[in-house]
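The values are calculated or read from the model by the stated rules, or taken from the named source; none is laboratory data. Here the structure is a predicted model, which is why all the values come from computation and not from measurement. Ideal geometry is used to build each Cβ from the backbone, glycine not excepted, and the neighbour counts take in all protein chains shown.
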Amino acid sequence: MEFTVERTLRRRGTRWTAWGLVLLTGSLAWALASVRTGFLVPLYVVFGAALAVRTGRKNLRKARQPFRLRIDGFGITLHDAELSWEQIGTVALSHAPARDSESTPPEPQLMLWTRPGVALPREQESSMFGGGPYALVDCADLDQSVLELTAALAEHGGARFETAPREVRPPMPVTVAGPERSVAGGERDFTAHRRAGLWTAIWAVPAVVFTVAVVCIVYDVVFTSLLFMGTAAVGVIPCWVMAVRCFVRWRRPLRLRIGPTGIGMREVAESERHFAWSQIAAVSVGRPSHTTDRRPWLMVWPLPGAHPYARPSQLVDGHRAYALVRLDRLPGGADAVLPVLRAYAGERYAETA
């Protein structure tokens, strides 16, 4: 399959250049009007316009540079080299971290590691151990989608297409089918009710009693001790808060589903997020990077190009991973969940805890 960048780069460059020229024209008109009004054009407007024009020119210049990326049964063909699959060690889509927790992560880069003795006529990325990768293309520049690139790499690259860190999943073809359709017993549901219905009733009873007492206070009706009336006035809001919280946990509890279609995860009071098996490169049990707690979590490593969530929970060696749930929060804990996970995930499963 042939991949191109000219259309996207030209469109992006034209857009940036046009907006920059509009801003520059407006700044010039503002500067001429300021001679009479005295209101000077802010420097940040001029700076932003110049930056937009510069970005547009950079993209247009990049679109004119030679580029070729072809992925087929032979290997990977570039404008300056042809590499057979025997010359390629690993190819992967590497994700860079977002600037902050609120911003959307950028599109990945296609990275390539060659076999020993094979080199490309271009600069390698830095690596403290040597043998760093070559950056082939920024996926944001491609005219085709990341899913199309992933499909081509999975079809022709086989085990050379790295979809998860090697300590999580050893190299193996992405197209290897798992056993999910042949597992007996159907879908397994792990729902953590934790007696939420009982606790809803426990908190609702004093909440109702305290509410009646508060209404009596408002209408100057004293039917019991002042101590009880004061307790009711202070405790009515916390009791209702706890009753509502327990009711929500009762109606929409923590739930993990593992079955023939994939893995579904719902946090308390949230909507369910679902990973189809066709989107999963690996599942592992380990400790996510955002916590020092050593208790095991269920981790899902999606295939590059699959976007089940808006933001990744962590990046490991450029690979995205999602920490779904700490296993001890589920009924039966790891002892109940792991046998089911192993049965459905098959070769996708890796225990790293």
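For this structure, a couple of remarks:
- Under the condition of being surrounded by fewer than 16 Cβ atoms within 10 Å (Cβ to Cβ) and farther than 23 Å from Ala196 by Cβ, the residues counted in region 286-297 number 6.
- Applying the criterion of being aromatic (Phe, Trp, Tyr) and not in a loop (DSSP other than H, G, I, E, B) to the residues of region 39-82, the residue that is surrounded by the fewest Cβ atoms within 10 Å (Cβ to Cβ) is Tyr44.
- Among the candidates Arg295, Arg266, residue that is in contact with a helix residue (DSSP H, G or I) (Cβ under 6 Å, 6 or more places away or on another chain), without any contact (Cβ under 8 Å) to a residue 40 or more places away in the chain and among the basic types (Lys, Arg): Arg295
- Among the residues of region 122-136, some residue qualifies, meaning at least one is at pLDDT 90 or above, of a type outside the set (A, V, I, L, M) and not in a loop (DSSP other than H, G, I, E, B).
- Verdict on Val283 being under 20 Å from Arg320 (Cα atoms) and surrounded by 13 or more Cβ atoms within 10 Å (Cβ to Cβ): yes
- Leading residue by the ranking (surrounded by the fewest Cβ atoms within 10 Å (Cβ to Cβ)) among those in region 187-216 that are not in a helix (DSSP H, G or I) and not acidic (Asp, Glu): Arg195
- Residue in region 239-262 that is within 21 Å of Met172 (Cα to Cα) and modelled with pLDDT of 85 or more present: yes
- Among the candidates Val212, Val268, Val205, residue that is β-branched (Val, Ile, Thr), outside the structural domain of Gly158 (by TED's automatic domain parsing) and under 30 Å from Gly333 (Cβ atoms): Val268
- Restricting attention to region 217-260 and to residues that are under 32 Å from the mean Cα position of the chain (by Cα) and surrounded by fewer than 16 Cβ atoms within 10 Å (Cβ to Cβ), the residue that is nearest to Arg342 (Cα to Cα) turns out to be Pro260.
- Each residue in region 230-253 was checked for being closer than 14 Å to Arg195 by Cβ and not in a helix (DSSP H, G or I), and 1 of them qualify.
- Restricting region 146-189 to residues that are more than 28 Å from Thr8 (Cα to Cα) and among the polar types (S, T, N, Q), the residue that is modelled with the lowest pLDDT: Thr175
- Flag for Val118 being in a loop (DSSP other than H, G, I, E, B), modelled with pLDDT of 90 or more and more than 26 Å from the chain's Cα centre (by Cα): yes
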